[in-house]
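I have placed the structure first, in the form of C-alpha cells, so that the comments after it can refer back to it.
The values are calculated or read from the model by the stated rules, or taken from the named source; none is laboratory data. None of these values were measured; they are calculated from a predicted model. Cβ coordinates were reconstructed from backbone atoms using ideal geometry, including for glycine residues, and neighbour counts include every protein chain displayed.
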Amino acid sequence: MERRRSARRGVTPCEPLSFARLRTGSELRLIDASTWGALAETRERLLPGRHLDVHVVSSAGRALVRARVTRAYVSRLEADEIDYRAGLAFDRAVDVDPGGYPVPPTATVCSAPAGIGYPGGAASGEIDFIERLSA
C-alpha cells in the first residue's frame, strides 16, 4: 500500500536539486524527491522528529523549506566517517520537476570537472625543490 502523498523520482547527481543545504550550513545530497519530501544523505547525524530548515534549488528557483526528519539510518560506515540517510517531510509543496519536462535517466550525463589536475610528483604532501646551478 502506497502511503506517500505524491510520486517519488530519482534525483541525478548533475541537477541542482541534488545538492541542498541546511540552514546551519551542513550539506545534503538528495537521493530521491517528491513534492512533499525527500531522501537525503549527509554526514550530520539527523534524528527522527527533528525540524530543519533546508535550502533547496528547484526548477522554480531557490527555496527555504521547513522539514521534519521522519526516519534516519546509517548508510555507510568507515573508520573515519559515517554517512547517514534521512527521510524528510516538507511542510509545504516544493516543485521538484526537472525543468518542466521529463528527462530519461540515460540522457543526463555529468560533465567532467573543469581544469587540469596536478602533475605527478610529490605525493607525500611535501614540496620538491629543483636546484638550479648558475654557470
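Check the range 70-83 and report whether any residue there is in a loop (DSSP other than H, G, I, E, B), surrounded by 12 or more Cβ atoms within 10 Å (Cβ to Cβ) and among the hydrophobic types (A, V, I, L, M, F, W, C). Don't jump to the end; show me each part of the working.
First pass over the range 70-83, keeping only residues in a loop (DSSP other than H, G, I, E, B): 78-81.
If we keep only those that are surrounded by 12 or more Cβ atoms within 10 Å (Cβ to Cβ) as well, we get none.
No; the residues of the range 70-83 include none that is in a loop (DSSP other than H, G, I, E, B), surrounded by 12 or more Cβ atoms within 10 Å (Cβ to Cβ) and among the hydrophobic types (A, V, I, L, M, F, W, C).
Restricting attention to the range 110-129, does a residue exist that is modelled with pLDDT of 90 or more, more than 15 Å from residue 11 (Cα to Cα) and among the aromatic types (Phe, Trp, Tyr)? So that I can check it myself, show each step before the final result.
Taking the range 110-129 and keeping what is modelled with pLDDT of 90 or more, we get none.
No; the residues of the range 110-129 include none that is modelled with pLDDT of 90 or more, more than 15 Å from residue 11 (Cα to Cα) and among the aromatic types (Phe, Trp, Tyr).
Which pairs do you get when a residue that is in a helix (DSSP H, G or I), found in the range 1-20, comes within reach of a residue that is modelled with pLDDT of 80 or more and among the aliphatic types (A, V, I, L, M), reach meaning Cβ atoms under 7 angstrom, with the pair 6+ apart or on two chains?
16/57; 17/11; 17/30; 17/33; 17/56; 17/57; 18/11; 18/30
Among the residues of the range 60-69, which ones are out of contact with any His (no Cβ under 6 Å at 6 or more places or on another chain), under 23 Å from residue 13 (Cβ atoms) and part of a strand (DSSP E or B)? Walk me through how you get there before you give the answer.
Residues of the range 60-69 that are out of contact with any His (no Cβ under 6 Å at 6 or more places or on another chain), as a first pass: 60-63, 65-67, 69.
Subsequent filtering for residues that are under 23 Å from residue 13 (Cβ atoms) retains 60-63, 65, 67, 69.
Residues satisfying the conditions are 61, 62, 63, 65, 67, 69.
Assess whether residue 92 counts as being on the phi < 0 side of the Ramachandran plot, assigned to a loop (DSSP other than H, G, I, E, B) and modelled with pLDDT of 85 or more. Quick ask: steps written out before the conclusion?
Working: on the phi < 0 side of the Ramachandran plot: yes; assigned to a loop (DSSP other than H, G, I, E, B): yes; modelled with pLDDT of 85 or more: yes.
In short, yes.
Testing residue 54 on (1) over 15 Å from residue 19 (Cα atoms); (2) modelled with pLDDT of 85 or more, one condition comes back false. Which one is that?
All conditions pass for residue 54, except number (1).
For residue 45, are the conditions met, namely being out of contact with any Asp or Glu (no Cβ under 6 Å at 6 or more places or on another chain) and either among the charged types (D, E, K, R) or modelled with pLDDT of 90 or more (or both)?
Numbers: out of contact with any Asp or Glu (no Cβ under 6 Å at 6 or more places or on another chain): yes; either among the charged types (D, E, K, R) or modelled with pLDDT of 90 or more (or both): yes.
Answer is yes for this residue.
Counting just the residues of the range 26-59 that are within 13 Å of the chain's Cα centre (by Cα) and not in a strand (DSSP E or B), which one comes out farthest from residue 85 (Cα to Cα)?
Going through the qualifying residues, I end up with 26.
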